[in-house]
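Structure, as structure tokens:
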Amino acid sequence: MDILVVGANGGIGLAIVKQLLLALPEANIHATYHRQCPDFTSQRVTWSQLDVTQESDVALFSQRFSTLDWLINAVGMLHAQDQGPEKNLQALNSDFFMQNITINTLPTLLLAKYFSPLMKASDAAKFVTISAKVGSISDNRLGGWYSYRASKAALNMLLKTLSIEWQRTIKRGVVLALHPGTTDTPLSKPFQANVPADKLLTPEQAAQHLVELIIQANLQQTGQFLAYNGERLPW
């Protein structure tokens, strides 16, 4: 079994790699990082550098594979060094908005374009991207966070659309958007103050929940938006 974890240098991404090694002892893991390769090593993990926002890089990287069973995209951003999620409309910055789209939305589309053909031969192909509950339009009751919300809502639409195409082209495949919960990583660190202690997950806890969901996912769930606890989230 061959699994690709994109963005495996992040807190959740690296925890997913480690959890996959535990849960699937026969699996070979291909893991990517953007700039710095993590210190973690295993005989079953192959590390590669990849800028997943560049189509030419994704296309070239995909040529290293002949087949693939699972693809898990854990790439994402919530804030930059000099810009955080918008509290109101006046905080909107067009460059920050496009950065959110480029990192949170576009990579999934590029990965789907170049890796879907490689997953057709799999008996249980699974394409998963880490999304976020704040990307749910019907669950939005607080407002704000324009760029992040929009990028995740667009991501969810892409995954839903991909699931429909896969029903025609990869009939045994499953496509999922997964919400990991609020996880104690650098991505969420500035926004944890109001999170109850029992609701803040460690990367290891989040990864365990997510990997279990992926393992158990069936054809009837394709195109769904699921929380780490298995709850089906509204679009």
Between the Cα axis of helix 106-119 and the main Cα principal axis of the chain, the angle (0 to 90°, nearest 10) is 10 degrees
In the chain, what percentage of the DSSP-assigned beta bridges are antiparallel, given to the nearest 5? 5 percent
When the Debye formula is applied to the Cα atoms of segment 1-100, each taken as the same point scatterer, what base-10 log of I(q)/I(0) results at q = 0.13, 0.15, 0.17 Å⁻¹? -0.54, -0.67, -0.80
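Tell me, what is the per residue accessible area of segment 76-177 in Å², probe radius 1.4 Å? Working shown, then result.
Working: 5090 Å² over 102 residues.
Accessible area per residue, segment 76-177: 50 Å².
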Signed unit charges on C-beta, dipole axis of the chain, positive-most listed residue 79, 67, 11: 67
Sort the following peptides by mean Cβ neighbour count (other Cβ atoms within 10 Å, averaged over residues), highest first: 110-118, 126-134, 216-224. 126-134, 110-118, 216-224
Quick calc, residue 220 & residue 49: beta-carbon distance into FRET formula, R0 35 Å, rounding 0.05, result 0.40
Report the accessible area of residue 95, computed with a 1.4 Å probe over the heavy atoms of all protein chains in place, in Å² rounded to the nearest 10. 120 Å²
Stokes-Einstein D for segment 44-171 (10 °C, 1.306 mPa s, Kirkwood Rh from Cα pairs), in µm²/s, comes to 100 µm²/s
Among all the aspartates and glutamates, which ones have a C-alpha under 16 Å from residue 171's C-alpha, if same-chain residues fewer than 8 places away are not counted? 69, 123
Can you give the angle from 0 to 90° between the axis of helix 11-23 and the longest principal axis of the chain, with both taken from C-alpha atoms, to the nearest 10? 30 degrees
Mind checking segment 1-99 for GluC sites (Glu not before Pro) that DSSP puts in a loop (not H, G, I, E or B) and that have at most 16 other Cβ atoms within 10 Å? 26
A student asked for the Cα radius of gyration and Dmax of the chain in angstrom ought to give 16.8, 52
P(r) of segment 79-149 in 10 Å steps, Cα pairs, percent per bin? 17, 38, 26, 14, 4
Whichever lysines have a C-alpha closer than 27 Å to that of residue 87, once near sequence neighbours (fewer than 8 apart) are set aside: 133, 152, 189, 199
Taking the 0 to 90 degree range and rounding to the nearest ten, how far is the long axis of helix 203-216 tilted relative to the main principal axis of the chain, both from C-alpha atoms? 50 degrees
Based on Cβ point charges of +1 for Lys and Arg and -1 for Asp and Glu, what charge dipole magnitude is obtained for the chain about its Cα centre, in debye rounded to the nearest 20? 480 debye
How are the alpha carbon pair distances in segment 45-98 distributed across 5 Å bins from zero to the largest one, expressed in percent? 4, 12, 19, 19, 11, 11, 11, 8, 4, 1
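Please compute the volume of the convex hull spanned by the alpha-carbon atoms of segment 71-117 and report it per residue in Å³. Numbers along the way, then the final one.
Values: hull volume 3.7 nm³, N = 47.
Hull volume normalised by residue count: 79 Å³.
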Using a Förster distance of 22 Å, the FRET efficiency for residue 90-residue 140 (Cβ separation, nearest 0.05): 0.70
Dividing the convex hull volume of the Cα atoms of segment 102-235 by its residue count, what figure in Å³ per residue is obtained? 113 Å³
May I ask you to give the percent of accessible area on segment 140-183 that is carbon plus sulfur, with a probe radius of 1.4 Å? 56 percent
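The values are calculated or read from the model by the stated rules, or taken from the named source; none is laboratory data. The model shown is predicted, which means the values in this text are computed figures rather than measured ones. Ideal geometry is used to build each Cβ from the backbone, glycine not excepted, and the neighbour counts take in all protein chains shown. Just so you know, the surface numbers come from the protein's heavy atoms only, side chains and all, with ligands and any DNA or RNA stripped out. Shrake-Rupley method; radii C 1.70, N 1.55, O 1.52, S 1.80 Å.
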